[in-house]
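To start, the structure itself, in structure tokens.
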Amino acid sequence: MQTETRPPLLFTRADGIARLRINRPQQLNTIDAMLAQAFVAACREIAAGPSVRVVVVSGEGRGFGAGGDLSAMKIGGEAAAAALIEPMHEAVKILVALDAPVLASLHGIVAGGSLSLALACDLAIAADNTKFNLAYINIGTSSDLSSSWHLPRAVGLRKALEIALLSETFDAAEALRLGLVNRVVAADRLAGETEILAKRLAAGPTLALGRMKRLMRASLQNDLATQLDLESTEFRASTRTHDFNEALTAFFDKRKPLFEGR
């Protein structure tokens, strides 16, 4: 049997944009232990340095991803599941905590753990040919990679239960209507539109974007008084940044600010 030599993840960084492209097209980008380890290693590297200002997560081939690698779990059972889940859960925690926005670029099939990963990203753009299915119930498992946390917050508890318990396939238009993706574009425009959005985010005030991410997520647990205190703390911290001073200078100079992410 021929051993696959292609790397399971293509990880590049340039001009403030980190790209994580899942690279198991012959397996519909299913997540196995090797991919999970490569993915979390890339996330750790991104978190360790200040140069990344946006992260783009995408998939090679016919789809973003069909979830966990069932062939590995059929052989290895619970141990194989843990080898996948533990590093991917660490990766999700890292991505959520980054100042840099995380953009999912979706096409083809987005199912199971791959859909969970997409839900954990801050923003998502999808090709109009994308098909979604949470799919866990179809293989007799509950969810992982944060979908039980993100999905009810995106669509409400009742709709989240419908998506999870019935495991019906829905298209990109429905995903947009539900708020699971932010934009839907023609399939042949996905790469270009993803690049435009990534460059726009990379040119933004990264520290402020990170504070906004954390405020939005915290608001789902906090009462109003707690949230107001947190907003005050984060706003005042923002006024101490280079980008805040640049924005004010640019405003009074009547020009566009040039943010540096610091």
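Every read-out reported here was derived from the displayed coordinates using simple, explicitly stated rules and does not represent laboratory data. Bear in mind the structure is a predicted one, so any value in this text is a computation, not a measurement. For neighbour counting, all protein chains shown are included, and Cβ atoms are generated from backbone atoms with ideal geometry for every residue, glycine included.
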Exercise for review: Would you please list the contacts, defined by Cβ atoms under 6 Å and residues six or more apart or on different chains, that run from a residue in the range 32-48 that is of a type in the set (D, E) to a residue that is part of a helix (DSSP H, G or I)?
Suggested key: D32/A72
Revision key, fill the gap. Being farther than 30 Å from D128 by Cβ and of a type in the set (V, I, T) narrows T194, T249 down to just T249
Point to revise | Leading residue by the ranking (nearest to P87 (Cα to Cα)) among those in the range 126-144 that are part of a loop (DSSP other than H, G, I, E, B) and either free of Cβ contacts under 8 Å to residues at least 24 places away in the same chain or of a type outside the set (G, A, S) (or both) | key: D144
Point to revise | Scan of the range 40-85 for residues that are more than 17 Å from the chain's Cα centre (by Cα) and not hydrophobic (A, V, I, L, M, F, W, C), ordered by number | key: G49, P50, S51, G61, R62, D69, S71, K74, G76, G77, E78
Review point. Within the range 18-29, can one find any residue that is closer than 22 Å to G261 by Cβ and among the basic types (K, R)?
Key: yes
**Study point:** Residue selected from the range 145-180 under the condition in a loop (DSSP other than H, G, I, E, B) and in contact with a Ser or Thr (Cβ under 8 Å, 6 or more places away or on another chain), by the criterion surrounded by the most Cβ atoms within 10 Å (Cβ to Cβ)
**Key:** L145
